[in-house]
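Worksheet: one structure, shown below.
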């Protein structure tokens with residue numbers, strides 16, 4: 001059987017992943033995708049385009065190089081062809097670390113300290129109480145549950161929102177009605193929900209208005225979740241006190257994007273979490289071997305749900 005690896009032309013991971021998968025799958029032929037190359041049984045890809053899909057008529061499954069599959073779903077995929085997302089691969093701990101940094105930045109008012117430094121003012125201020133800083137996790141899947149546990153361990157009240165009910169020791173708001181209640185109870189919103197038609201621009205003016213005044217938003221999911229035109233007005237009027245944006249609708253951001261210069265927006269270049277090569281390739285190789293023998297595998301997306 002043949003495994004085709006399809007990455008962007010200058011992606012440094014392309015060679016690493018092909019070599020690792022080749023070593024982990026000695027009974028498979030593992031090659032890079034070429035426009036005029038042979039067809040494969042399995043496709044491992046990142047940032048796909050329609051040409052790649054169309055050139056592979058005999059696929060048994062597609063394996064995505066990340067946890068989000070919105071870009072693959074935007075393409076024409078043969079009906080019934082399994083799309084398998086990456087499950088964690090070291091990303092949950094990275095995201096929990098990222099959230100820890102940003103949450104404490106806002107809680108300890110380090111943005112205010114930076115303002116004081118720039119103004120050369122020494123003005124001590126009283127501490128906040130964690131009980132007044134409830135954190136809401138928008139999306140409570142694998143990554144969201146790990147982040148919620150980290151937030152809980154830091155001592156903050158934490159709750160979540162999901163499309164369906166969940167068990168566990170975290171309160172979960174459900175559905176459209178629950179989203180409004182979730183927003184009203186959230187001082188710091190962390191977006192980790194999958195991007196689907198239903199969650200496109202879920203971070204919008206209406207949701208911001210339902211949150212307590214002087215709240216914060218941290219988007220580490222997809223740029224499409226945020227209505228970018230709604231963010232700055234919410235910041236300028238004081239409804240939101242700050243926002244951290246790791247993902248944008250268009251990446252990289254243009255030089256004149258207003259987020260670059262807004263004093264209450266913190267931008268990072270899509271670095272909140274990246275799959276660890278060794279873990280990701282081991283996971284994918286194990287699933288390819290299992291699928292080839294007819295054994296069940298996890299991580300197959302539900303086409304109706306989009307994740």
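FYI, it's all coordinate maths here, none of it is from the lab. Not measured: the values here are computed from a predicted model. Note: ideal-geometry Cβ built from the backbone for every residue, glycine included; neighbour counts use all protein chains shown.
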Mean Cβ count within 10 Å, highest first, over the residues of peptides 293-299, 229-235: 229-235, 293-299
For segment 225-307, alpha-carbon Rg relative to the globular expectation (2.2 N^0.38 Å, N residues): 1.65
If each of residue 47 and residue 114 carries a label point 7 Å out from its Cα toward its Cβ, how far apart are those two points in nm? 2.7
Note on the chain: contact order normalised by length, alpha-carbon pairs under 8 Å, 6 or more apart, percent, works out to 16
Go from 0 up to the bin containing the longest alpha carbon distance in segment 91-267, width 5 Å each, and give me the % of pairs per bin. 1, 8, 18, 22, 22, 16, 8, 4, 1, 0
Taking 25 Å as R0, compute the FRET efficiency from the Cβ-Cβ separation of residue 27 and residue 278 and round it to 0.05. 0.80
Whole-Å distance, taken between Cα centres, linking segment 104-160 and segment 1-70: 40
Just from its helices, what would the mean residue ellipticity at 222 nm be for the chain, if runs of 4 or more DSSP H residues each count -39500 (n - 2.57) and the sum is divided by every residue, rounded to the nearest 500 deg cm²/dmol? -9500 deg cm²/dmol
Using only the alpha-carbon atoms, how far is helix 277-292 inclined from the longest principal axis of the chain? Give it as 0 to 90 degrees, nearest 10. 50
Max mean-square fluctuation residue, GNM over the chain, Cα-Cα springs under 10 Å, options 272, 131, 215: 131
Points 7 angstrom from Cα along the Cβ direction at residue 201 and residue 298: gap in nanometres? 3.6
Ordered by packing density, taken as the mean number of other Cβ atoms within 10 Å over each peptide's residues, highest first, how do 157-163, 205-211, 189-195, 236-242 rank? 189-195, 157-163, 205-211, 236-242
Two pseudo-spin positions, 7 Å from Cα along C-beta at residue 132 and at residue 232, lie apart in nanometres by 3.1
